[in-house]
Amino acid sequence: MTPQTTRTALVVGSGDPADSVGVGLVAAGWSLLRLGDDLINDDTVAAAFPTLEHLDLVVHARYPPLCRQRMELTDLTAEQWHAACDEPLEAGIRLARAAYEPLRAAGGTIVYLVPLMASAGGDGFAPFAGAAEGLRVLAKSLAKTWGTDDIRVHAITLDPSAFLAPTDAAGMAEANSLHDPPLGRVPDLSDEVSLVVDALTTNAFAALTGASLVVDGGLWMPG
Amino acid sequence: MTEHAGMSGLLEGTVAIVTGAGQGVGEGIAAALAAAGAGVVIAARRPDNGEPAAEAIRAQGGQALFCRCDVTRRADVDAAVSAALEQWGRLDLVVHNAVSPPGPPRPIQEIDDETIALQIATSTTAVFHCAQAAFDELRANGGSLILLTSPSGIEGSGHLPLYGAVKGAQRGLLKSLAREWGPHGVRVNAIAPVAWTPAMDTATAANPTLEARLLGRTPLGRIGDPTTDIGPVAVFLASELSRHMTGQTLAVDGGRYLGL
């Protein structure tokens, strides 16, 4: 968490929540780099940002469209399964691998944004839930491994509406809670979720790593 | 056969497939299921340990057959289902235990693409294969699917971060499938064991302090036995005793992990 003149964040993933969180981070003063749903590996990250030497923040929210499409497992083809589960999981792991050196150089932070279905399950969203829960747990593992490198790693669970079409999101929320969000709304991605991400990079949270936060207005209260 | 009081006959007339049943936890679960009365397909990649595992069950009076099965290949998993149907005419349970060995402790930045792909293939792709191949039979019989995950899939692992990720992914899958298949009467649960296995033998041999450290963090003071400690929990999850349980992970580790 060495203070930098210009703080650089890499936000990965197409559409929301990546887009809106990126907007919020820019408003908070971050210099923003973006990758969409492109193939992620060491080479593609290096090719996209050849002069990249340090990263203060990486935000992962790369879940291609097929992840977000409601599909019964028994109806999936092998290709659909790969595209909706295995490939996004692999890409999230590869992102960590590619980001390690730039994060270490900056004493940076990596945050995985995941949907509620990751830890709660989702009818019709098994591939998405599998990939995302794998990445939520990866965040804990990375935190344990990278703590001595001064890299902090967290996961943030968001309301399904951050990832899914409104009808599907409402169904997921209904399946997981008997109440509406106590705060009366789900958080705004650019105005509220991005502030949480930003805060996790500050000295106020220097002693925190491996956290699995739920930022959904209180819709889901596990544990 | 190794039997536990009250478990004999619990699974009489049922049929199970256990992947990775040639050794370790899979072999122990297969033995326990057979002791409880189930016919068991030993679905394993290697005949040199799969055949003896099946023979050991038969020698104890149980029913078992070996079927060569690489869980990353859909055709192999289909063949295991067919073997169960041809031998016993039904399938009630699939236990997916097989996983590519995680190898020595390594940080994520030192793990190559091939290792990542193989861990994912045996952990998540294989769940897809097992679930899809068995669903019709499980639905017809009110059956269940059991996944062997790990405490690493809940709390993460600093030593084996990739293993923790794929085991975590399995928990996301099981909860989703529990929701998806509940209306069909099919239950989906998981076991997160810590037990003596060939992989554990290798790990403790490579790291002489590991066993003492592990025991020091285990309230029951010992590492589990695949057949007598882990197997009975699989029997319970497969039986009517757990008929109102789905989407759950049971940590069977002597109390080492208490974070649920």
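The values are calculated or read from the model by the stated rules, or taken from the named source; none is laboratory data. Predicted model only: the values in this text are computed from it and were never measured. Glycine gets a Cβ as well: all are built from the backbone with ideal geometry, and neighbour counts include every protein chain shown. Protein only, heavy atoms only, side chains kept; ligands, DNA and RNA dropped before computing areas. Shrake-Rupley method; radii C 1.70, N 1.55, O 1.52, S 1.80 Å.
Numbers below:
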item: Crossing angle, helix A:87-106 versus chain A [Cα axis fit, 0-90 degrees, rounded to tens]; result: 20 degrees
item: Computed FRET value (nearest 0.05) for A:A165 with B:Q60, which takes r as the C-beta separation and R₀ as 60 Å; result: 0.65
item: FRET efficiency, B:E240 to B:L215 (Cβ-Cβ, R0 30 Å, nearest 0.05); result: 0.30
item: Solvent-accessible area of A:T145 with every protein chain in place, 1.4 Å probe, in Å² to the nearest 10; result: 30 Å²
item: Length released on extending from A:Q80 to A:D43, taking residue separation times 0.36 nm less the Cα-Cα span; result: 10.8 nm
item: Between segment B:163-190 and segment A:109-136, the Cα center-to-center distance that results, in Å; result: 12 Å
item: Virtual spin-label span in nm between A:L32 and B:R139, 7 Å along Cα→Cβ; result: 4.4 nm
item: Ordering of B:19-31, B:229-241 by packing [mean C-beta count within 10 Å, highest first]; result: B:19-31, B:229-241
item: Lysines whose Cα lies under 19 Å from that of B:K175, excluding same-chain neighbours fewer than 8 positions away; result: B:K167
item: Scattering profile of segment A:75-190 at q = 0.20, 0.23 Å⁻¹ [log10 I(q)/I(0), Debye over alpha-carbon scatterers]; result: -1.08, -1.23
item: Charge dipole magnitude, Cβ of K and R +1, D and E -1 - segment B:123-200, Cα centre, debye nearest 20; result: 140 debye
item: Mean residue ellipticity (222 nm) of chain B, computed from DSSP H runs ≥ 4 via -39,500 (n - 2.57), nearest 500; result: -13500 deg cm²/dmol
item: Cα convex hull of chain A - mean projected area over all directions, nm²; result: 11.8 nm²
item: Solvent-accessible area of B:R179 with every protein chain in place, 1.4 Å probe, in Å² to the nearest 10; result: 80 Å²
item: Calculated Rg and Dmax of segment B:52-114 using C-alpha coordinates, Å; result: 16.4, 49
item: Total accessible surface hidden between B and A, rounded to 100 Å², 1.4 Å probe; result: 3100 Å²
item: Accessible-area order (highest first, 1.4 angstrom probe) of the listed residues B:L85, A:L189, B:L173; result: B:L85, A:L189, B:L173
item: Residues in segment A:124-142 occluded by at least 50 Å² - accessible area, probe radius 1.4 Å, against chain by itself; result: A:V137, A:S141
item: Apportionment of accessible area to carbon and sulfur, segment B:1-117, percent (1.4 Å); result: 47 percent
item: Within straight-line cross-link reach of A:K140, aspartates and glutamates at Cα separation under 13 Å, skipping those fewer than 8 residues along the same chain; result: B:E155
item: Under 5 Å, built H, 5+ apart or other chain: amide partners of B:F66; result: B:I42
item: Calculated diffusion of segment B:187-246, Stokes-Einstein form, Kirkwood radius summed over Cα pairs, 25 °C and 0.890 mPa s, µm²/s; result: 187 µm²/s
item: About the Cα centre, charge dipole magnitude for chain B (Lys/Arg +1, Asp/Glu -1 at Cβ), debye; result: 580 debye
item: Rounded to 10°, Cα long-axis angle of helix B:126-141 versus longest principal axis of chain B; result: 30 degrees
item: Averaged over A:83-90, number of beta-carbon atoms from partner chains that fall within 10 Å; result: 5
item: Along each principal axis, Cα extent of the protein assembly as shown, largest first, Å; result: 73, 52, 39
item: Sparse-neighbour loop sites [trypsin sites (Lys or Arg not before Pro); segment B:27-89; at most 16 other C-beta within 10 Å; DSSP]; result: B:R73
item: Between 0 and 90°, nearest 10: helix B:47-59 axis offset from chain B longest Cα axis; result: 50 degrees
item: Tail beyond 26 Å, pair distance distribution of segment B:25-152 (Cα, percent); result: 23 percent
item: Average partner coverage of A:163-175, which counts Cβ from other chains inside 10 Å; result: 0
item: Computed [θ] at 222 nm, deg cm²/dmol, chain A (DSSP H ≥ 4; -39,500 (n - 2.57); rounded to nearest 500); result: -11500 deg cm²/dmol
item: Segment A:67-109, Rg to Rh (Cα coordinates; Rh as Kirkwood inverse mean 1/r); result: 1.24
item: Relative contact order, percent, segment A:99-196 [alpha-carbon distance under 8 Å, six or more residues apart]; result: 29 percent
item: Assigned charges on the beta-carbon of Lys, Arg, Asp, Glu; the protein assembly as shown dipole about Cα centre (debye); result: 840 debye
item: Whether segment A:10-83 is rounded, prolate or oblate, judged on the alpha carbon gyration tensor where a/c under 1.5 counts as rounded; result: oblate
item: Extent along principal axes [Cα atoms of chain B; Å; largest to smallest]; result: 47, 38, 38
